[in-house]
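Here is the structure we will look at, set down as structure tokens.
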Amino acid sequence: MFTGCGTAMVTPFRQDQSLDERALRRLVQRQVEAGINFLVPCGTTGESPTLSRAEQLRVVEITVEETRGIVPVLAGAGGYNTAEVIALAREFKAIGANGILSVTPYYNRPTQEGLYQHYKAIAAAVELPIILYNVPGRTGCNIDPATVAKLAEIENIVGIKEASGNISQMAAVAAKAPKDFIVLSGDDSVTVPLMAIGGRGVISVASNEIPAEMTRLVELCAENNFAAAREMHDRFFPLMEINFVESNPMPVKAAMGFMGLLEAVWRLPLVAPKAENLAKIRGVLETLELVQQAYAAR
């Protein structure tokens, strides 16, 4: 269910900082029409720390409505309070989410045993498939491959989004976990090498901008057509890089603004990228012919 290319959805806001429900519906419809494999609302790319509980539920509800059962919805529910994560995940299940993406606890930095007990408790309380999310550069907390393998023995812990940036660790996870355990790249630029060693796809930021292309890239890897996959990777690598010229999702929302997909609005503490980086973002989009014509003329 959660293999291939899944989009880490941005959350569109209006200039008054309110949730832009109409834009969100358009973005979900665009993803479905592009053939995306699954969608991930309310992750960190969706600025989930700035969303109220009601807004998180509404974002997932709209995503479920607009996917119409065609595309699975993997809702983001993670954090350092296990009880709160469980409560939110249960609410997501009640409104139709198909699975949960759960980032490691951040700031309080639990031990490996603490991580195991945290995820074990979530899995026991929520009857949905769970994808672990390991991004130590943001959380200060790393799930060791041995802990992942232990968690993989729990029936509804079905995979991991690996964004450690450590290809050796990713290889160890792929080798130690059961063969049906899903290892997903958490970095667009590492998708091809990870799939070459057993990865099953990516949870992508770039697919906010190019959903059909990122889906095809993953398909090529799954077909073992790595020559064609490398060509696609080389073409879109500048976009993958520029999406992280500043903290995600600042650059990708700026890019989507240039593409005419949404109003480029962030919630504090995130702000617009610096002027020189906005110019770089637009330059990459123009090279790839992704800029909406009205913007290109400015």
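Nothing in this text is a laboratory measurement; each read-out follows from the coordinates by a stated rule. Small disclaimer: the values here were computed from a predicted structure and weren't measured. Methodologically, a virtual Cβ is constructed for each residue, glycine included, from the backbone with ideal geometry; neighbour enumeration extends over all protein chains shown.
Note on Lys93: lysines with a C-alpha under 26 Å away, same-chain residues under 8 apart excluded, are Lys120, Lys150, Lys161.
For region 145-194, the relative contact order comes to 43 percent (Cα pairs under 8 Å, sequence separation of at least 6). Between Ile197 and Gln112, the C-beta separation translates, for a Förster distance of 22 Å, into a calculated FRET efficiency of about 0.40. Based on C-alpha pairs under 8 angstrom that are at least 6 apart in sequence, the chain has a relative contact order of 18 percent. Across the options Gly186, Ile143, Val85, the greatest Cα extent toward the positive end of the charge dipole of region 75-230 (unit charges at beta carbon of Lys, Arg, Asp, Glu) belongs to Ile143.
For the chain, the 222 nm mean residue ellipticity estimated from helices alone, with every DSSP H stretch of n ≥ 4 adding -39500 (n - 2.57) and the total spread over all residues, rounds to -13500 deg cm²/dmol.
Think of each Lys and Arg Cβ as +1 and each Asp and Glu Cβ as -1; about the Cα centre, that makes the dipole of the chain roughly 260 debye. Among residues other than Pro136 with Cβ under 11 Å from its Cβ, the summed charge is 0 (Lys and Arg +1, Asp and Glu -1). GNM remark for the chain: springs join alpha carbons under 10 Å apart, and the peak mean-square fluctuation among Glu33, Glu263, Glu223 falls on Glu223.
Ignoring lysines fewer than eight residues from Lys274 along the same chain, the ones with Cα atoms less than 18 angstrom from its Cα are Lys253. Of the peptides 267-273, 188-194, 200-206, 232-238, the order by per-residue mean of other Cβ atoms within 10 Å, starting with the highest, comes out as 200-206, 188-194, 232-238, 267-273.
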